[in-house]
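The values are calculated or read from the model by the stated rules, or taken from the named source; none is laboratory data. On a predicted model such as this, the values are computed, not experimentally measured, just so you know. When we count neighbours, we look across all protein chains shown, and the Cβ atoms used for this are built from the backbone with ideal geometry, even at glycine. Only protein heavy atoms, including side chains, enter the accessible area calculation; ligands, DNA and RNA are left aside. Shrake-Rupley method; radii C 1.70, N 1.55, O 1.52, S 1.80 Å.
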Amino acid sequence: MKARQATKIIKEIKVDINKCTGCRACEMACSAFHSKPKYSSINPARSRIRVVVDELNDEYVPIRAGDYTVAECTGRHTYAIDGKDYSECSFCGAVCPSRDFFFEPDSGLPLKCDMCETVPALDQPWCVKVCTADSLTYVEREVPRDEKPQPTRDQLEIGLEFLINEYGMEAILENLNRKSKR
Amino acid sequence: MRYAETGFDLEIDLTRGSIERVASPLDMTEMYLGGQGAAAKILWDRVSPGTDPFSPDNLLIFSAGILHATPVPGVNRTAVNTISPQTNLMAHSLFGGFFGPELKHAGYDKIIIKGKAPDLVYLYIHNDKVEIRDATHLRGVGSTETGDRLKKELKDPRVQVAAIGLAGENRVYMASIEHNHASAARGVGVIMGDKRLKAIAVRGTKDINIAHPAELFQMSQELHHKIDSSGCGDWMAYDEDDSFHHNHFAWGNARTRLKNYWSKELQDRWTSWKYDHMDRQTGCYNCPKECRNVIKWPGKPRFAYKCYGKDTYHMAAFLELDFSYEILGVAQEYGLDSYSTPQVIAFALELLEAGILTDKDFPGMPEDSRGRFFYIMEKIVRREGIGDILADSVSHAAIRIGNGAEAYDHNTTKKFEQLPIKLGKVNPAYFLMIATGEKMSITQIEGSFPQDPLPTPEQRQAFVDKWEAAPDEKFKQYFLNWEKRADITNQVASEITEWNEAMHYVDDATGLCGFVSSFRGQFGGDVAYHMNNIPDCIRLATGIPFDKDKLWKTAQRIRTLVRAINVRRGLRRKDERPPEDHWAVRDEEAEQKLLSDYYDYKGWNHDAIPTRQTLEKLDLGYVADDLEERGILMVEDGVSAKTA
Ligand code: SF4
Ligand code: SF4
């Protein structure tokens, strides 16, 4: 019998941009939850979700902070959806220098959505909880975990050689010695 | 540490080009809260009664409510106050959206503007950076488009903009200030224009601290849920049956009733117009309701409306909803109040029909009603020809035109256009609210006590059983015993008026939206905010102890201070008259008795002036001193020295 494949839970927030009312309750709640101590202050500028609104063109797009990148991307797509043109940036969560979203206002450090991980766990992330318009909905999906391929002997040797060149044989041996005694 | 507030105001002098950040005293918050309450205190202290509204010494104050930028949901009304050239009294104006919370995050509770810029400027506020910038390139640009352009110019889509359109630039009395599809109506755009201030753009990234954060957050989530699941908010955003306004309100220049206007066939046609052109419904900051219908009509700018705002133009023009959809986007970009402007246009057309104005006053005007409304609106916003006179609103235009035009100014109180409602018998509470209110529109005064009795005792009992909002058991008794609309004693009418008003004064100082609070209670009683829970919100947010009695007293204090500002500018009993044709059946003697009884109840003398005793009870002794010094109150007995 085949062993049961390992799985992991993917947490997803689905966005329906047609349902967003632009109320920014999501920003308010996210910033409250992430303040220290929790809920002690309100500041949408610290939120890990921002709603980009262009009322003249009827665009309402909530985006969550993703990974930090040092450089902005070189070109952008323009997406035409329901007769409206959206720049790729409208949907991109990257914390990039082209705009001042998702930076801590005081320190300038990048912010990232953590799906409101906390102990005990919330039933839903805060932004979803307060989005009574159902523009944001929360889904958990179980997906197979990719089996990591075992490194080959060659790879091990190349890696070791790199470390020896970088740090010197002596330092590596000393380190290995310490580790093996633990 | 200051909680819920920043504790700082911005003082802008446009004549000198100076900008100052000034700390505000904490006891002022405790006495007057924020929003309109704090603004009233500033206007009392700093604008002397002789100040002409168009003088550089008149102030224009934008103030955030005390609960703005806290987690409390449905708090987003920014107050704009000044002295209005239309009424020569304190102008009361509010707008929803996102401006007040953003201002607080930038580090300020209020913007206090005096002086006049030499040419068009805008104010840019980004946290500690505050600049008065040239706005001549925005001359004549529409109000929403101004917001859009500034966001692009400043390379910041998060900026919140409040701007005037052409109407404000040309000092039209009906000019509004527009922000994110919300408008500040009732006569403030004209002063922003007079100060040559095209717009204010604000962006803030600072924290607002909460005194009891976890508790307030918890309470806010419960309220958020309550607002979402209950019927409060603007039900008119979803209800396609609008027979109420069309069958009951007057058309044209507030004269003609079309009692059987509404029909199923009409409703179907209008519903298709709406849904074929509606992009979405939107909400204000941190509110789960979506009260604004965003409409894109072919060839016209996108706009949004709430409530009765979609009816005023087509009812004044005897047309259908498609006409309102056609004109509203244009009117919004010009920055025109959609309550008063249609009445001004209908008034002009009535004068033309009566021969008081002639074709010569309207050169080249189209024949049809549609074309005429657009034509006159263009004349007004440009102050061209007859438009220059009409731009001063119905009452002032009637005086300037003369020749019998005054008789056509039949729907104003204190020189302000009222809702076009013409009814049969006097409802005493409504008489008092329209006569003595100082927020100029009944929608800003009525609201907590139901408009109409329920038919059976069982229904009334069921209503009061779940009536959480009543601040006192006596109101439940009044409602249980109330059978006919006009059947209320003077005493009860006075108490109802006081409660209705108090709730609006609380909303306008906290920033709460009337649709989840003051205005909404009259329709079914099930409302999210009331005298019984707002004190907790204020206490948890600010850390200042507040209970129902203290909040009630605070509301009365602000209300009485507004009265004092206006009394000092000349308001007297003679001005407190609802439109003569508001009700068909009138009894002057009984109405005057009602008014006197109300003044007695409020502790005002019979010339509508609060007595020293009343003022002192509300910690307004300094007001009594001032009124006595000016000879408005007599020293010994608190009686008016100068009777009208
Ligand atoms: S809470 Fe929902 S509806 Fe409101 S702005 Fe966020 S995503 Fe849009
Ligand atoms: S999941 Fe949590 S952290 Fe992520 S955006 Fe929503 S509220 Fe913020």
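Regarding B:ALA201, is this residue part of a strand (DSSP E or B) and either touching a helix residue (DSSP H, G or I) at 6+ places or on another chain (Cβ under 9 Å) or not assigned by TED's automatic domain parsing to the domain that holds B:ARG520 (or both)? So B:ALA201 fits the description; yes. Applying the criterion of being modelled with pLDDT of 90 or more and under 21 Å from the mean Cα position of the chain (by Cα) to the residues of the stretch B:225-249, the residue that is nearest to B:PHE519 (Cα to Cα) is B:HIS245. Please determine whether any residue of the stretch B:429-444 is more than 19 Å from B:PHE523 (Cβ to Cβ) and hydroxyl-bearing (Ser, Thr, Tyr). The answer is yes, given that some residue of the stretch B:429-444 is more than 19 Å from B:PHE523 (Cβ to Cβ) and hydroxyl-bearing (Ser, Thr, Tyr). Of note, A:GLU88 does not satisfy the criterion of being within 15 Å of ligand 2 (Cβ to nearest atom), assigned by TED's automatic domain parsing to the domain that holds A:CYS23 and not aromatic (Phe, Trp, Tyr). Are any of the residues in the stretch A:21-33 open to solvent by 30 Å² or more (accessible area, probe 1.4 Å) and facing chain B (nearest Cβ under 8 Å)? No.
Can you give me the number of residues within the stretch A:106-119 that are within 16 Å of ligand 2 (Cβ to nearest atom) and either farther than 18 Å from A:ALA29 by Cα or within 10 Å of chain B (Cβ to nearest Cβ) (or both)? Qualifying residue count for the region: 2. Annotation: A:LYS8 fulfils all but one of (1) in a strand (DSSP E or B); (2) within 13 Å of another protein chain (Cβ to nearest Cβ); (3) charged (D, E, K, R); the unmet one is (2).
Annotation for the stretch B:131-144: no member residue is at the interface with chain A (Cβ under 10 Å from one of its Cβ atoms), of a type in the set (Asp, Glu), in contact (Cβ under 8 Å) with a residue 24 or more places away in the chain and out of contact with any Gly (no Cβ under 8 Å at 6 or more places or on another chain). Of the listed requirements (1) at positive phi; (2) not in a loop (DSSP other than H, G, I, E, B), B:ILE191 misses just one: (1). Considering the stretch A:21-44, and only residues there that are touching a residue at least 40 places away in the same chain (Cβ under 8 Å), of a type in the set (Gly, Ala, Ser) and touching a Lys or Arg at 6+ places or on another chain (Cβ under 8 Å), the residue that is nearest to ligand 2 (Cβ to nearest atom) turns out to be A:ALA29. If you go through the stretch B:301-330 and keep only what is within 13 Å of chain A (Cβ to nearest Cβ), more than 27 Å from B:LYS104 (Cα to Cα) and open to solvent by 10 Å² or more (accessible area, probe 1.4 Å), you end up with B:PRO301, B:ARG302. Could we say that B:GLY437 is open to solvent by less than 40 Å² (accessible area, probe 1.4 Å) and at pLDDT 90 or above here? Yes, satisfied. Residues in the stretch A:11-20 that are in contact with an Asp or Glu (Cβ under 6 Å, 6 or more places away or on another chain) and either at the interface with chain B (Cβ under 7 Å from one of its Cβ atoms) or more than 12 Å from ligand 2 (Cβ to nearest atom) (or both): A:LYS19 alone. Looking only at the stretch B:191-209, residues that are crowded, with 23+ Cβ neighbours inside 10 Å and away from every other protein chain (no Cβ under 14 Å) come to 9 in all.
A:ASP106 passes every criterion in (1) charged (D, E, K, R); (2) at pLDDT 85 or above; (3) under 27 Å from A:CYS20 (Cβ atoms) apart from (3). Any idea which residue in the stretch B:380-409 is most open to solvent (accessible area, probe 1.4 Å), counting only those that are of a type outside the set (S, T, N, Q) and under 21 Å from the mean Cα position of the chain (by Cα)? Among those that are of a type outside the set (S, T, N, Q) and under 21 Å from the mean Cα position of the chain (by Cα), it is B:HIS396.
Is there a residue in the stretch A:73-96 that is facing chain B (nearest Cβ under 8 Å) and in contact with a Cys (Cβ under 9 Å, 6 or more places away or on another chain)? No. Summed over the stretch B:262-288, the residues that are touching a helix residue (DSSP H, G or I) at 6+ places or on another chain (Cβ under 9 Å), within 30 Å of B:GLN221 (Cβ to Cβ) and open to solvent by less than 20 Å² (accessible area, probe 1.4 Å) give a count of 5. Beta carbons closer than 8 Å, at least 6 apart along the sequence or on distinct chains, pair a first residue in the stretch A:79-103 that is open to solvent by 30 Å² or more (accessible area, probe 1.4 Å) with a second that is of a type in the set (A, V, I, L, M, F, W, C) and in a strand (DSSP E or B) for A:PHE91/A:VAL61; A:PHE91/A:ILE63; A:CYS92/A:ILE63; A:PHE103/A:VAL95. For residues in the stretch B:79-102 being under 19 Å from B:LYS114 (Cβ atoms) and β-branched (Val, Ile, Thr), which is nearest to the other protein chains (Cβ to nearest Cβ)? So the residue we want is B:VAL80.
The sole residue among B:SER263, B:SER229, B:SER243, B:SER176 that is free of Cβ contacts under 8 Å to residues at least 12 places away in the same chain and more than 14 Å from every other protein chain (Cβ to nearest Cβ) is B:SER263.
Listed by position, the helices (runs of 4 or more DSSP H) contained in the stretch A:75-182 that have at least 1 residues being within 16 Å of ligand 1 (Cβ to nearest atom) and touching a helix residue (DSSP H, G or I) at 6+ places or on another chain (Cβ under 8 Å) are A:126-130. Here the stretch A:39-68 is the region considered, the condition is being out of contact with any helix residue (DSSP H, G or I) (no Cβ under 7 Å at 6 or more places or on another chain) and open to solvent by 40 Å² or more (accessible area, probe 1.4 Å), and the residue that is farthest from the other protein chains (Cβ to nearest Cβ) is A:ASP67. In the stretch A:45-62, which residue that is within 11 Å of ligand 1 (Cβ to nearest atom) and either of a type outside the set (A, V, I, L, M) or in contact with a Lys or Arg (Cβ under 7 Å, 6 or more places away or on another chain) (or both) is farthest from B:PRO71 (Cα to Cα)? Within the stretch A:45-62, the match that is farthest from B:PRO71 (Cα to Cα) is A:TYR60. Taking strands (runs of 3 or more DSSP E) as the structural unit, those lying wholly within the stretch B:275-337 and holding at least 3 residues that are assigned by TED's automatic domain parsing to the domain that holds B:PHE249 and within 19 Å of B:GLY165 (Cα to Cα) correspond to B:303-305.
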